[in-house]
1. How many residues are in contact with a Lys or Arg (Cβ under 9 Å, 6 or more places away or on another chain), surrounded by fewer than 21 Cβ atoms within 10 Å (Cβ to Cβ) and not in a helix (DSSP H, G or I) if we restrict to the range 224-245?
2. Just to be sure, is Val248 closer than 24 Å to Val83 by Cα, within 16 Å of ligand 2 (Cβ to nearest atom) and either assigned to a strand (DSSP E or B) or of a type in the set (Asp, Glu) (or both)?
3. Looking at Arg182, Arg140, Arg210, Arg177, can you tell me which residue is more than 16 Å from ligand 1 (Cβ to nearest atom) and over 18 Å from the mean Cα position of the chain (by Cα)?
4. I'd like the full set of residues that are away from ligand 1 (no atom under 16 Å from the Cβ) and either assigned to a strand (DSSP E or B) or not acidic (Asp, Glu) (or both), limited to the range 251-272.
5. When both residues are 6+ apart or on different chains and their Cβ atoms are under 9 Å apart, which pairs have a first residue that lies in the range 97-110 and is within 20 Å of Ala185 (Cα to Cα), and a second that is in a helix (DSSP H, G or I)?
6. Looking at the range 58-87 only, could you name the residues that are over 29 Å from Ser198 (Cα atoms) and either surrounded by fewer than 23 Cβ atoms within 10 Å (Cβ to Cβ) or within 16 Å of ligand 2 (Cβ to nearest atom) (or both)?
Amino acid sequence: TTVTEPESVAAPFAASGVGRRVPIVSIEGLRKSFGSVEVLSGIDLDVHPGEHVVLLGPSGSGKSTVLRSINLLERPSAGSLVVDGREHATPRSSGLFAGAPRGTALQLRRTVGMVFQQFNLFGHLSALDNIVLPLRSVRRMSRRDAEERAAVELRRVGLIARAGHYPNQLSGGQQQRVAIARALALDPQVMLFDEPTSALDPELVGEVLRTMRLVAETGMTMIVVTHEIGFAREVGDLNVFLEHGKVVETGGREFYDECRSQRARDFLQAVR
Ligand code: ADP
Ligand code: MG
């Protein structure tokens, strides 16, 4: 089999399984403790290129910690985290990713983009410069190239007319769309969204979900934590229900109509 991205180091590991799709993110036995409290108790999750994964679960179940671990904003306490064929936690001794080369934080930052609930834009920078800055630091682009690319991304999210505006001159929905444009500008292979609409006034949720739908339609690999069940039902190829730091149930498109566990059913009932 062949792997399309020429830069991917996943290729040697794919050789073992003919016709097998290679996950872009592969989590095995992921554990995370804060002090003596274990908040992730052995998470397994494979995300394949182009797949749209929705993480669901009650508050405190560990959804953010899973996303933050994938981005190494949290250091896993144990378990393996392979992103684009590179190991970022504990090396595996067997299976597809046994002996995968170790990845660096910079490689991870170039591979994985993240959008937060609280936008996290730089308040002292214009919308354009919020996108230019990481293009210069992470992608090492010239100012001119970075400005050109930033403009392309702002146009894509419908905000080119706001390029010179500062975050406090933008609505929450607009700020979040700039944050999405900023993450996309870095050409990530995976986009993580942590409750991207939870901080928004209800009338601004739709524009952000629309932008996320557009991103999904480009074939971007996405892992999304959301309570927007309509969106999740539409976009989620793989739906993962977490509770107490464990995966309780996973399902495909049918998940929202016929989940097996009472816990997931109760949860869906409550957020609907
Ligand atoms: P969710 O996103 O599903 O609401 P989180 O991943 O944010 O859940 O949190 C899971 C658990 O870990 C919660 O009990 C939370 O209080 C705890 N937790 C998260 N971050 C920290 C931290 N930095 N220090 C201590 N406890 C934390
Ligand atoms: Mg959270």
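1. 2
2. The answer is no for Val248.
3. Arg140
4. Gly251, Gly252, Arg253, Phe255, Tyr256, Cys259, Arg260, Ser261, Gln262, Arg265, Gln269, Arg272 - these are the residues of the range 251-272 that are away from ligand 1 (no atom under 16 Å from the Cβ) and either assigned to a strand (DSSP E or B) or not acidic (Asp, Glu) (or both).
5. Leu108/Ile70; Arg109/Pro134
6. Listed by number, the residues that qualify are Ala78, Gly79, Ser80, Arg86, Glu87.
Coordinate-derived values only; no laboratory data. Every value quoted in this text rests on a predicted model; they were computed, and no experiment measured them. Neighbour counts are summed over all protein chains in view; Cβ atoms, including those assigned to glycine, are modelled from backbone coordinates with ideal geometry.
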